[in-house]
1. What about residue 69, is it at pLDDT 95 or above, away from ligand 2 (no atom under 15 Å from the Cβ), in a loop (DSSP other than H, G, I, E, B) and surrounded by 12 or more Cβ atoms within 10 Å (Cβ to Cβ)?
2. Quick one: in region 106-147, which of the residues that are over 16 Å from residue 163 (Cα atoms) and within 16 Å of ligand 1 (Cβ to nearest atom) is surrounded by the fewest Cβ atoms within 10 Å (Cβ to Cβ)?
3. Looking only at region 9-28, filter to residues that are in a helix (DSSP H, G or I) and within 16 Å of ligand 2 (Cβ to nearest atom); which one of those is farthest from the chain's Cα centre (by Cα)?
4. It is to be established whether one or more residues within region 26-36 are surrounded by fewer than 18 Cβ atoms within 10 Å (Cβ to Cβ) and out of contact with any Phe, Trp or Tyr (no Cβ under 9 Å at 6 or more places or on another chain).
5. Pull up region 120-174, narrow it to residues that are assigned to a loop (DSSP other than H, G, I, E, B) and of a type in the set (Phe, Trp, Tyr), then point me to the one that is nearest to residue 50 (Cα to Cα).
6. Check residue 165 against each of (1) at pLDDT below 95; (2) of a type outside the set (S, T, N, Q); (3) farther than 26 Å from residue 43 by Cα and name the one condition it does not meet.
7. Modelled with pLDDT of 95 or more, assigned to a helix (DSSP H, G or I) and surrounded by fewer than 20 Cβ atoms within 10 Å (Cβ to Cβ) - does that describe any residue in region 72-87?
8. Determine, yes or no, whether residue 95 is under 17 Å from residue 117 (Cα atoms), within 16 Å of ligand 2 (Cβ to nearest atom) and in contact with a Cys (Cβ under 9 Å, 6 or more places away or on another chain).
Amino acid sequence: MIDKPVYFELKELVCPHVYYRFGEVAWQFLHEKQLILMDWVRNSLNRPVFVNNWDQYENSDYIKEIKRLASARLPIISTELPEAPKGLFDERGLRCNLCSLNLAKTYRGIIYCSPHFTGQADDYDVEGMTAEEVRQWIIANKYKLPYPVRLEKGVSWVHMDCRDAGEKVVLFNP
Ligand SMILES: [Zn+2]
Ligand SMILES: [Zn+2]
């Protein structure tokens with residue numbers, strides 16, 4: 001078993017499809033380095049860090065229907081689901097093959113091997129800081145980082161993943 005993070009719950013880090021299909025087993029889909037990195041950011045900044053928030057919408061028809069189908073291991077057809085509530089985030093951590101960003105690429109014949117698909121990435125916001133401030137803080141503290149990270153440039157959220165690109169911090173464009 002992997003060590004669970006101190007500051008994050010499973011629902012914050014995986015999509016509802018995976019959560020309701022696999023429950024606690026889904027911890028094993030997440031990369032241990034990434035979990036350690038997320039805890040390190042949260043602990044070092046000592047500010048709340050927000051990834052997914054879909055657990056706050058568990059009473060919505062959208063989440064209730066995903067829960068019903070995934071728990072019963074029935075097919076989940078995205079076009080037949082109720083509309084997702086505005087403000088809901090459910091693809092900021094692990095994305096499965098049913099998550100809309102992956103589905104869209106699959107339909108268009110595009111291969112998708114994002115670190116979000118392999119449990120190695122999270123998109124997040126830090127309370128009281130802009131995404132650019134967080135990126136600059138990570139760069140300034142790169143020698144303390146427990147593992148190398150990749151950061152996506154110029155986006156309004158922090159994308160951080162633990163794929164080792166050969167340097168402590170690598171900035172990339174998608
Ligand atoms: Zn999913
Ligand atoms: Zn991302």
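The values are calculated or read from the model by the stated rules, or taken from the named source; none is laboratory data. Just so it is clear, the model here is predicted, and its values are computed rather than measured. Cβ placement follows ideal geometry from the backbone for every residue including glycine, while neighbour counts extend to all protein chains displayed.
1. No, not satisfied.
2. By that ranking, first place goes to 107.
3. Among residues in region 9-28 that are in a helix (DSSP H, G or I) and within 16 Å of ligand 2 (Cβ to nearest atom), the one farthest from the chain's Cα centre (by Cα) is 12.
4. yes
5. If we take residues in region 120-174 being assigned to a loop (DSSP other than H, G, I, E, B) and of a type in the set (Phe, Trp, Tyr), then 157 is nearest to residue 50 (Cα to Cα).
6. Here residue 165 meets the rest and fails (3).
7. yes
8. Yes, satisfied.
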